[in-house]
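Report on one structure; see the data block that follows.
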Amino acid sequence: MDIFQYFCENFYKRMVKKKTSKTKKGSSKSSGIKKITKETYLEWFESMLLQRKFEEKAGMLYGQQKIRGFCHLYIGQEAISAGMVSALNDEDKIMTAYRDHGFGLARGITPNACMAELYGKTTGCTKGKGGSMHFFSKEHNFVGGHGIVGAQIPMGAGLAFAEKYNKTGNIAVTLFGDGAARQGALHETFNMAMTWKLPVIFVCENNHYAMGTSVERTSNVKDIFTLGEAYDMPSEPVDGMDVQQVHNAVGKAAEYVRSGKGPYFLEIKTYRYKGHSMSDPQKYRTKDEVASYKDRDPIEQVRNIILKKKYATKAWIESIEAKVKALVEESVKFAEESELPKASELFEDVYVQHDYPYIKD
């Protein structure tokens, strides 16, 4: 047995979740683009509103110093998380960078577990050890937020390799920002993923400013999706302020990738209303520019379609707003009443081996 085969059989069999019996029966698989229905719009509205209100509350709590460390808000970009999740299967893997609250919530992590993680409490989705930048849920196939810029690009391809090796029929999606598009890891990964025809969708969430410098000032290539063309990878731009367009684009890409043809690259153009992080003074853009994007707010677009097409009444909208408000308030109460981790937790969940021989003295 050569070293590569040994690595695959011992590492991936141990670390990658196998197909469930439900998946083997094919009852939870979906090939083809999922149809958008009335229920889809109602689910989008609730998901995006929950993300928005959760983060507005998180921003306020950060200002009160109840949440510490780094905090990168997703406000304005909710159409991407909601539209992507609705287009994928539950078993598909999603990996993103450190602006990860929205995806965690959209994928199904409870507001309680998310808020507790921001507070650094044991009841958080990573037991209070990851904080804002490192949400994770094996149960929901959300393979984390990652803090090293661009590192999740090859890691996401690794997830896809595991799915292909184990013949699960699942795909992986790895998201990164426009700033990470200039990382060398992107090009190496694109080349390898195309060579091995990995079942992965690469997504650049282009919110135009990376950490605070515009694409126009940092890249000769303004249309980031064209980077994929150098590797003969199907690539296209998407309006990230329109959840329906995101859903359809991701669904199309997923159908292509799931068929075994290899990777797909989407540049989803979006906009963050807040700064790069809570410490960002945002002096690199104008208030008029921010206002112009807010005029296209993805949540308001969905709200207007629901009412125009009579998918639901204003009373229903108000009931969802009340429900979301209650969920967010409950998450704060839950987080504040939860316990902080004990010092001994520093040695837990680091290695698979439970009795790893740490030198503690």
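The values are calculated or read from the model by the stated rules, or taken from the named source; none is laboratory data. Bear in mind the structure is a predicted one, so any value in this text is a computation, not a measurement. Neighbour counts are summed over all protein chains in view; Cβ atoms, including those assigned to glycine, are modelled from backbone coordinates with ideal geometry.
Would segment 341-355 turn up any residue that is surrounded by 15 or more Cβ atoms within 10 Å (Cβ to Cβ), within 25 Å of residue 127 (Cα to Cα) and more than 23 Å from the chain's Cα centre (by Cα)? Let's see the steps before the verdict.
Our first condition is that a residue be surrounded by 15 or more Cβ atoms within 10 Å (Cβ to Cβ); within segment 341-355, this holds for 341.
Filter once more, keeping what is within 25 Å of residue 127 (Cα to Cα): 341.
Next, from what is left, pick out any that are more than 23 Å from the chain's Cα centre (by Cα): 341.
Yes - at least one qualifying residue is present in segment 341-355.
Based on what the data block shows, is residue 267 in contact (Cβ under 8 Å) with a residue 40 or more places away in the chain, among the acidic types (Asp, Glu), assigned to a helix (DSSP H, G or I) and surrounded by 13 or more Cβ atoms within 10 Å (Cβ to Cβ)? Please lay out each step first, then the result.
On the way: in contact (Cβ under 8 Å) with a residue 40 or more places away in the chain: yes; among the acidic types (Asp, Glu): yes; assigned to a helix (DSSP H, G or I): no; surrounded by 13 or more Cβ atoms within 10 Å (Cβ to Cβ): yes.
Answer is no for this residue.
What's the number of the condition residue 272 fails, among (1) buried (at least 21 other Cβ atoms within 10 Å of the Cβ); (2) within 21 Å of the chain's Cα centre (by Cα); (3) not in a loop (DSSP other than H, G, I, E, B)?
Of (1) buried (at least 21 other Cβ atoms within 10 Å of the Cβ); (2) within 21 Å of the chain's Cα centre (by Cα); (3) not in a loop (DSSP other than H, G, I, E, B), only one is false for residue 272: (3).
What are the residues in segment 227-260 that are more than 15 Å from residue 82 (Cβ to Cβ) and of a type in the set (D, E, K, R), if any?
First, pick out the residues of segment 227-260 that are more than 15 Å from residue 82 (Cβ to Cβ): 227-237, 252-260.
Listed by number, the residues that qualify are 229, 232, 236, 252, 255, 258.
Condition test on residue 254, is it small (Gly, Ala, Ser), touching a strand residue (DSSP E or B) at 6+ places or on another chain (Cβ under 7 Å) and not in a helix (DSSP H, G or I)? Let's see the steps before the verdict.
On the way: small (Gly, Ala, Ser): yes; touching a strand residue (DSSP E or B) at 6+ places or on another chain (Cβ under 7 Å): yes; not in a helix (DSSP H, G or I): no.
No; evaluated as a whole, the condition is false for this residue.
Restricting segment 52-79 to residues that are basic (Lys, Arg) and not in a helix (DSSP H, G or I), which is modelled with the highest pLDDT? Reasoning before the result, please.
Within segment 52-79, the first condition is being basic (Lys, Arg), and the residues that meet it are 52-53, 57, 66, 68.
After this cut, where a residue has to be not in a helix (DSSP H, G or I) as well, the list is 66, 68.
Values: 66: 96, 68: 93.
Out of the qualifying residues, it is 66.
Evaluate the following for residue 321: is it over 24 Å from the mean Cα position of the chain (by Cα) and either free of Cβ contacts under 8 Å to residues at least 60 places away in the same chain or under 24 Å from residue 109 (Cα atoms) (or both)? I'd like the intermediate steps shown before the answer.
Values: over 24 Å from the mean Cα position of the chain (by Cα): no; either free of Cβ contacts under 8 Å to residues at least 60 places away in the same chain or under 24 Å from residue 109 (Cα atoms) (or both): yes.
Here the answer is no, as residue 321 does not meet what is asked.
Does segment 160-176 contain any residue that is at pLDDT below 95, more than 19 Å from residue 250 (Cβ to Cβ), out of contact with any helix residue (DSSP H, G or I) (no Cβ under 9 Å at 6 or more places or on another chain) and part of a loop (DSSP other than H, G, I, E, B)?
no
Restricting to segment 148-162, count the residues that are surrounded by 24 or more Cβ atoms within 10 Å (Cβ to Cβ), more than 15 Å from the chain's Cα centre (by Cα) and not small (Gly, Ala, Ser).
0
Give the residues of segment 295-315 that are free of Cβ contacts under 8 Å to residues at least 40 places away in the same chain, over 13 Å from residue 242 (Cβ atoms), outside any loop (DSSP other than H, G, I, E, B) and not aliphatic (A, V, I, L, M), sorted by residue number.
Scanning segment 295-315 gives 308, 314.
Mind checking which residues of segment 261-283 are of a type in the set (Phe, Trp, Tyr) and either under 19 Å from residue 78 (Cα atoms) or at pLDDT below 95 (or both)? Walk me through how you get there before you give the answer.
Here is the first cut: in segment 261-283, the ones of a type in the set (Phe, Trp, Tyr) are 264-265, 271, 273.
Matches in segment 261-283: 271, 273.
Residues are listed down the side, and each one gets a yes or a no for (1) farther than 19 Å from residue 177 by Cβ; (2) more than 13 Å from the chain's Cα centre (by Cα); (3) not in a loop (DSSP other than H, G, I, E, B):
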position: 81; (1), (2), (3): no, no, yes
position: 84; (1), (2), (3): no, no, yes
position: 90; (1), (2), (3): yes, yes, no
position: 95; (1), (2), (3): no, no, yes
position: 113; (1), (2), (3): yes, yes, yes
position: 116; (1), (2), (3): yes, yes, yes
position: 121; (1), (2), (3): yes, yes, no
position: 125; (1), (2), (3): yes, yes, no
position: 135; (1), (2), (3): no, no, no
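Quick check on residue 193: is it closer than 18 Å to residue 253 by Cβ and in a helix (DSSP H, G or I)?
Numbers: closer than 18 Å to residue 253 by Cβ: yes; in a helix (DSSP H, G or I): yes.
Here the answer is yes, as residue 193 does meet what is asked.
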